[in-house]
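**Student:** Mind looking over this structure? Questions follow.
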Amino acid sequence: MRTLILKTASDYLLPILLLFSIFILLRGHYLPGGGFVGGLMASIAFVLHAFANGLKDTKKLLKFHPGFLMPAGLLLSFLSGLLPVILQDAAFMTGLWLENPIPVIGSIGTALFFDVGVYIVVLGVTLTIIFTISESA
Amino acid sequence: MTQQFLLYPLLWQLFLSIVLMFAWRHIQIQKIISIVGSAIGVGLSVALFYEVWQNGTLVVQAASWKAPFGISFVGDMLAATLVLLTSIAGLAVSSYSAASLIPARLRFGYFSIFHFLILGLTGAFLTGDIFNLYVWFEIIIISSFVLITLGGEKAQIEGAVKYFTLNFLASIIFLTAIAVLYGLAGSLNMADLAILIPQIENRGLVEVAAILFLVAFGIKSAVFPLYFWLPASYHTPPSAIAAIFGGLLTKVGVYALIRFFSLMFVEDVLLDQILMVIAILTLISGGLGAMVQTNVRKVFSYLIICHIGFMIAGLAMFTELAIAGAVFYLIHDIVVKTNLFMISGLIYRIKGSNRFKELGGIYKEYPKLSLMMIIPMFSLIGVPPLSGFWPKISLIIASFDTQSYFILAAVIFASFITLVVVAKLWAEVFWKDPDKFPKKNHFLYFKKMTLARKLQMILPILMLTGVSLYLGFGAENIQQLSIRITSELMNTDFYINAVLPNN
């Protein structure tokens, strides 16, 4: 089912949803949100694009197989946990923070990179599952 | 630096699985990474073991949140020993699966999931927090569920459904028990609980929590009457997978039982009696089950159940010697059971079947291999001076000391029945003249394998046999180790002070 309205709307919705997912990701340290929800939203953006334009177009847009995102995100989270062990000989997953907060994003620490890793993993897993199902359907 | 060392074996396995996921489509590269990585993992675990042996318990508070608020990882002697054994079994099975599994099964991330399983096991042994233990159990279940269904044969799916349903039920009961305990004590840190539980006034509810934990871990460790999932599922996946399952999965349950009932729910007469009855019935029913089976792997599955009884018996008697026997048996059992399932896979490769009536004459064809295979079976029975013999001595002496003659009888009965089962197996599989059966087409028989592949299958068996022999002939060292573990377990202040130094 391809309608012109959905197709046109999805072109605008994709960047807006992706931006919103990043907003939710950054918001997650103290407020509801975070990597998991953000990742789900980002994958919804791509799924909507796939509904409107077909799977092929979305795959072309992504340029690589979403399955690749799983180990990449895991590696990022893993390294963010490992960083304090290497730098300060502190326990695994100890939070390291930059002293001065950066405008817009706020204070940056290893927890942010951990959450970004979760975001990427969730995006990869959801897209892999949905693409596999819609390919075989 | 030394404190952080505790988590290295754990983090290394996680790192390995991530790297293996990057190499998703390249099976050959995955095989090399997995085998080399597992060997490095053994190195790390040996270093951890040495560190703990020399300098005592290591504790890491994850993310530097102080106990009891954060998650503690505790490497005492028991945990370090089990991590070491896990990594040794992991190395053996990694090499063995590289040789024995067909590419169709390896294609869907087998090695990556395999290392996640080892990660879950290592984490379960190291954690000092009950909820974290639950999470590691989930990692173990999920990855083992993937491993047991990889390949998607009908029998596999059937076995997997039984396996998953009952283990899932165990998880739910485990979670319920955690909820009850948290409502009572307000903490889930094991060391903290060891202090809090004796102070709780509502003893009835404490007992309920204890029983719920007992049922949950009872299902996991396959004790009577909760073992039915095990013989229904362990013979369905390829033997490499069954080897890691048989060697380690049930033992995590036993480990959890030992930890919980020696640290937190200590003085409870009712529980001791329940454990004693369970131990006796497990020993008898597992042994009898093994007697009537006519499939090599089903026999081994029932023997797993039977021998879990020895460890539960040691825990039930709860004297220093009995626990030492249980711990020694745990060490011996991990090595031997992993090895036995790999042997069943080797038999399958040689003859193309695991059913008694299609087997026979292996001794005539491969006398040296047969002799190699008999050593783990003899240590399983406990023929002196092999490894199964020594812990049984401790258990028997302990049962005299505590005058629990039913346990004494059950231990002797189970040892005897193991002897009968192994003798029957030896006669049917190795000595009997085989009937003529048509050769399977499209089946890679052991004879047709390349030498490198044969070695990849035989070397892990040889390695574990070597470990078994060491456990038998170096029994003095292992006994010393078990006694040290026991003294750490019996003296709970030791564990508590390590985790909560300012208490």
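Read-outs throughout are calculated quantities, based only on the coordinates presented, and are distinct from any laboratory measurement. What you see is a predicted model, and the numbers here were worked out from it, not measured in a lab. Glycine also receives a Cβ, built like all others from the backbone with ideal geometry; neighbour counts cover every protein chain displayed.
**Student:** Go ahead and collect, in residue order, the members of the range B:305-339 whose backbone nitrogen is under 17 Å from a label point 7 Å along the Cα-Cβ direction of residue B:480.
**Tutor:** The answer is B:328, whose backbone nitrogens lie closer than 17 Å to the label point.
**Student:** Among B:51, B:365, A:99, what is the fewest-to-most ranking by other Cβ atoms within 10 Å?
**Tutor:** A:99, B:365, B:51
**Student:** Is the shape of the range B:1-133 rounded, prolate or oblate, going by the alpha carbon gyration tensor and its root eigenvalues a ≥ b ≥ c, with a/c under 1.5 for rounded and a/b larger than b/c for prolate?
**Tutor:** Because a/c hits 1.5 or more and a/b exceeds b/c, the range B:1-133 counts as prolate.
**Student:** Chymotrypsin sites (Phe, Trp or Tyr not before Pro), restricted to the range B:190-281: which are DSSP loop and have at most 14 other Cβ atoms within 10 Å?
**Tutor:** B:228
**Student:** Nearest 10 degrees is fine. How inclined is helix B:405-425 to the longest principal axis of chain B, computing both from alpha carbons?
**Tutor:** 20 degrees
**Student:** For residue B:364, which aspartates and glutamates qualify as cross-link partners when the Cα separation must be under 12 Å and same-chain residues fewer than eight apart are set aside?
**Tutor:** Once the sequence-local aspartates and glutamates are set aside, what remains near residue B:364 is B:433.
**Student:** A further question follows. Give the cross-link partners of residue B:251 among the aspartates and glutamates, using a straight C-alpha distance below 18 Å as the criterion and excluding same-chain residues fewer than 8 apart.
**Tutor:** Candidates past the 8-residue exclusion: B:76, B:138, B:333.
**Student:** Under a point spin-label approximation (7 Å from Cα along Cα-to-Cβ), what is the residue B:291-residue B:449 distance to one decimal in nm?
**Tutor:** Label at residue B:291, label at residue B:449, 3.5 nm between them.
**Student:** Starting from the exponent 0.38 and prefactor 2.2 Å, build the expected Rg for the range A:58-137 from its residue count and divide its actual Cα Rg by it.
**Tutor:** Normalised by 2.2 N^0.38 Å, the Cα Rg of the range A:58-137 equals 1.39.
**Student:** What do the square roots of 5 times the Cα gyration tensor eigenvalues come to for the range B:141-187, in whole Å, largest first, as semi-axes of the equivalent ellipsoid?
**Tutor:** Working through the eigenvalues yields semi-axes of 32, 10, 4 Å.
**Student:** Order by neighbour count: B:338, B:450, fewest other Cβ atoms within 10 Å first, most last.
**Tutor:** B:450, B:338
**Student:** Okay, next question. Averaged across the residues of A:84-92, what count of C-beta atoms belonging to other chains lies within 10 Å of each residue's C-beta?
**Tutor:** Working: counts 3, 6, 1, 0, 1, 4, 6, 15, 12.
Across A:84-92, the average partner-chain Cβ count within 10 Å equals 5.
**Student:** Which number comes out as Rg/Rh for the range A:4-136 once both Rg and the Kirkwood Rh are worked out on C-alpha atoms?
**Tutor:** Ratio of gyration radius to Kirkwood radius: 1.05.
**Student:** Here is a follow-up. For a quick check: sort B:292, B:336, B:36, B:422 by the number of other beta carbons within 10 angstrom, fewest at the front.
**Tutor:** Placing the least packed residue first, the sequence is B:292, B:36, B:422, B:336.
**Student:** Over all directions, what mean area does the Cα convex hull of the range B:82-222 project, stated in square nanometres?
**Tutor:** 9.1 nm²
**Student:** Let me ask something else. Any chance you could check the Cα centroid distance between the range B:304-383 and the range B:233-262 for me, in angstrom?
**Tutor:** 14 Å
**Student:** Cα atoms only, the range B:335-413: Rg and Dmax in Å?
**Tutor:** Answer for the range B:335-413, Rg first and Dmax second: 16.7, 49 Å.
**Student:** A further question on this structure: Using the Kirkwood radius over Cα pairs, work out the Stokes-Einstein diffusion coefficient for chain B at 37 °C and 0.692 mPa s, in µm²/s as a whole number.
**Tutor:** Calculated translational D: 144 µm²/s.
**Student:** A follow-up question, please. What is the angle, in °, between the Cα long axis of helix B:320-351 and the longest principal axis of the Cα atoms in chain B? Nearest 10 is fine, range 0 to 90.
**Tutor:** Its long axis makes an angle of about 20 degrees.
**Student:** Helix check for chain A. Which DSSP H runs span at least 18 Å along their own axis by Cα, with a mean Kyte-Doolittle hydropathy no less than 1.6?
**Tutor:** TM-like helix candidates: A:4-27, A:69-88, A:110-136.
**Student:** Just the Cα atoms of the range B:375-418, one point each, no solvent: what log10 I(q)/I(0) does Debye give at q = 0.16, 0.21, 0.31 Å⁻¹?
**Tutor:** Each listed q corresponds, in turn, to -0.40, -0.64, -1.04.
**Student:** Using the Kirkwood formula over every pair of different C-alpha atoms, what hydrodynamic radius in Å results for the protein assembly as shown?
**Tutor:** 26.1 Å
**Student:** Any idea how far the Cα center of the range A:56-83 sits from the one of the range B:89-160, in Å?
**Tutor:** About 23 Å separates the Cα centre of the range A:56-83 from the one of the range B:89-160.
**Student:** Tell me the label-point distance for the pair residue B:364, residue A:98, using the 7 Å Cα-to-Cβ offset, in nm and rounded to one decimal.
**Tutor:** Between residue B:364 and residue A:98, the label points sit 7.7 nm apart.
**Student:** State, as an integer percentage, the relative contact order of the range A:4-136 based on alpha-carbon contacts under 8 Å between residues 6 or more apart.
**Tutor:** Normalised by residue count, the contact order of the range A:4-136 is 30 percent.
**Student:** Give me log10 I(q)/I(0) at q = 0.20, 0.22 Å⁻¹ for the range B:212-352, Debye formula, one equal scatterer per alpha-carbon, no solvent.
**Tutor:** -1.13, -1.33
**Student:** For the range B:135-291, max minus min Cα coordinate along each principal axis, in Å, sorted largest first?
**Tutor:** That works out to 53, 32, 20 Å along the principal axes.
**Student:** Helix B:250-263 sits at what angle to the longest principal axis of chain B, using alpha carbons and giving 0 to 90 degrees rounded to 10?
**Tutor:** 20 degrees
**Student:** Per residue of chain B, what 222 nm ellipticity follows from adding -39500 (n - 2.57) for every DSSP H run with n ≥ 4, rounded to the nearest 500?
**Tutor:** After summing the helix terms and dividing by the residues of chain B, the value is -24500 deg cm²/dmol.
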